[in-house]
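Data first, discussion second: the structure below is written as C-alpha cells.
Rule-based calculations on the coordinates, nothing more; no lab input. Just so it is clear, the structure is predicted and the values come from calculations on it, not from any experiment. For neighbour counting, all protein chains shown are included, and Cβ atoms are generated from backbone atoms with ideal geometry for every residue, glycine included.
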Amino acid sequence: MHLSPPVDYRSLVDHMLTAIMQVSPNLEIEYLNSACEALLDISRTRAIGMPLLSILNEQDESFDTKAAVLRTLHTGQPYTRREAMLTIGLKDKAVDYSVSLIIDDRIGAIAHQHLLIEIQPIDRLLRINRDEHLAQQHQIARQLVRGVAHEIKNPLGGIRGATQLLARSLPDGSVSEFTEIIISEVDRLRTLADTMLGSRHLPSLQKVNIHEPLERVRSLILSQTKNTVQVIRDYDLSLPEVNADRDQMIQVMLNICVNAVQAISENPEIFSERDPKIILRTRIQRMFNINGVLHRSVIRVDLEDNGPGIPADIVESVFYPMVTGRASGTGLGLSIAQNIVHQHGGMIECQSEPGCTVFSLFLPWE
Ligand SMILES: Nc1ncnc2c1ncn2[C@@H]1O[C@H](COP(=O)(O)OP(=O)(O)OP(=O)(O)O)[C@@H](O)[C@H]1O
Ligand SMILES: [Mg+2]
C-alpha cells in the first residue's frame with residue numbers, strides 16, 4: 001500500500017499567494033501567512049496578539065467593521081467587502097476581503113471558534129493593467145522617436161560632406177564662418193540623434209552585486225557636485241546578485257541621479273532651506289508583480305532626493321521620450337532608463353512631491 005506523507009498544512013498555507021489571517025473570538029490576530037505579512041507590511045511576531053480592528057482599518061466610516069465581524073462570529077454568516085480602502089502604515093490600499101467562521105472541532109479538542117480573513121489586493125491588479133498599457137505606449141513612443149532619429153541622421157552625413165567641399169572650394173575663407181556653424185550644428189544634431197536611437201545592443205548579462213553600480217554612481221555624483229550634495233547609502237548588504245548588464249545599470253542610475261542633481265542645483269533656494277541630499281536605498285521586495293508575472297521576491301533600489309519634485313504638468317509622462325521640464329533638456333534620460341530596465345525584465349516607478357522624489361527600480365533576481 002502506498003502511504004502519502006502527512007500534509008503540513010501550516011507550510012501549505014504559508015506558501016499560498018492569498019493573504020490569510022486567523023483571528024480569535026476576542027478579535028485578536030492569532031496567525032497570518034507570509035502573503036499577509038507582505039500585504040500588510042507587518043512581521044508575524046509584531047502582528048500576533050494585535051487587535052484585528054487596528055489592522056483591518058477601513059476608511060469608509062459608514063461601515064461598522066466591528067459589528068460586521070462580530071455578526072459573522074455569532075451567526076456563522078460569512079461576508080465579503082469589495083474595493084475596501086484600508087490604511088496600511090502611511091499608505092492606502094484597495095482590497096477585497098472576506099470574513100468567515102471556522103470551528104475547530106478536532107476529535108478530543110474543545111470546540112474553538114476562529115475567524116478566517118482572506119484578503120486580495122486589487123490596486124495591484126488595477127496597476128498591472130495600467131502598467132502594461134503604459135509600457136506599450138512607451139514602446140510605441142520610443143519606436144516613433146527612433147524612427148525620427150533615423151530619418152534625421154541619414155542626410156546629416158551628406159550635409160556635412162557637402163559643406164566641407166563648399167568650404168574647400170572657396171579658399172578665400174569668405175564663407176568659413178558659416179560652414180563652421182553648419183558643421184558644428186550638424187555634429188550636435190548627430191549626437192542628439194544617436195541619443196534618441198539609444199543603445200542598439202541587448203544587455204550582456206552577468207552576475208552583478210547591485211551595490212557595485214550604485215557605488216560607482218555615488219562617486220560620480222559626489223565628484224560632479226564637488227560634495228555639495230550628500231549621497232547617503234542605505235543598503236541591505238544581504239541582497240542576492242542580479243543578472244544584469246553592469247554598464248547599463250550604471251547608466252540607468254546615473255540618468256536618474258543626474259536629474260536629481262539638476263533639479264536641486266536649478267533651485268538654489270534648496271541649499272538655504274535644507275541640506276540637499278540623495279539617498280540610495282536597497283531592499284528586498286516580496287510578492288511583486290512585473291508585467292503580469294508574480295515574483296516571490298525582487299530587488300528594489302530606491303533613488304530618492306529632497307529636491308523640488310517633478311513639475312506637476314509632466315509627472316504623469318516623465319518616462320515618455322522628449323518630455324522634459326528643463327530648458328536645455330532633451331527628455332531622453334528616463335525613457336532610456338526605462339527601456340534598459342524593461343530589457344532586464346524589471347520595472348521603474350516614480351513618486352514625487354516637493355521635498356521628496358523617489359524613483360524605484362524593481363529587478364527580478366531568481
Ligand atoms: N528627481 C527629479 N526632480 C525633479 N524633476 C525631475 C526629477 N527627475 C526628472 N525630473 C523631471 O523629468 C524630466 C524628464 O527627465 P529626463 O531625464 O527624461 O529628461 P531631461 O533630464 O529633461 O533630459 P536628458 O536626460 O535627456 O538630458 C526632467 O526634465 C525634469 O523636469
Ligand atoms: Mg535627464
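What to note about this one:
- Positive end of the dipole of the chain (Cβ unit charges, origin at the Cα centre): among 149, 354, 68, the Cα lying farthest that way belongs to 149.
- Computed from backbone phi with θ = phi - 60° and the Karplus coefficients 6.51, -1.76 and 1.60, the 3J(HN,Hα) list for the stretch 245-256 is 8, 4, 5, 5, 4, 4, 4, 4, 5, 5, 4, 5 Hz; x is used for glycine and proline.
- Residue-span extension gain [residue 228 to residue 356] - 0.36 nm each, minus C-alpha spacing: 44.3 nm
- Overall dimensions of the stretch 41-105 by Cα: Rg and Dmax, Å: 12.8, 39
- The angle separating the long axis of helix 123-169 from the principal Cα axis of greatest extent in the chain is about 10 degrees.
- Gyration tensor analysis over the Cα atoms of the stretch 202-366 returns equivalent ellipsoid semi-axes of 25, 18, 15 Å (largest first, whole Å).
- All C-alpha pair distances within the stretch 124-198, sorted into 10 Å bins from zero, spread as 18, 30, 20, 15, 9, 6, 2, 0 percent across the bins.
- Amide H contacts of residue 31 (H built 1.01 Å from N, in plane; Pro and chain starts excluded): 22 sit under 5 Å, all sequence-distant by 5 or more or on other chains.
- Largest to smallest principal axis extent of the C-alpha atoms in the stretch 9-121, angstrom: 44, 31, 21
- Computed from Cα positions, the angle between helix 211-224 and the longest principal axis of the chain comes to roughly 50 degrees.
- Sites residue 16 and residue 105 - FRET efficiency at Förster radius 25 Å, r taken between beta-carbons, to 0.05: 0.60
- Our Cα-only numbers for the chain put the radius of gyration and Dmax at 27.7, 110 Å.
- Relative to the dominant Cα principal axis of the chain, helix 65-75 is inclined by about 40°.
- At full extension, residue 139 and residue 328 could sit 65.6 nm farther apart than now, given 0.36 nm per residue minus the alpha carbon distance.
- Along the chain, longest interval not containing exposed chymotrypsin sites (Phe, Trp or Tyr not before Pro), exposed being DSSP loop plus at most 15 other Cβ atoms within 10 Å: 64-234
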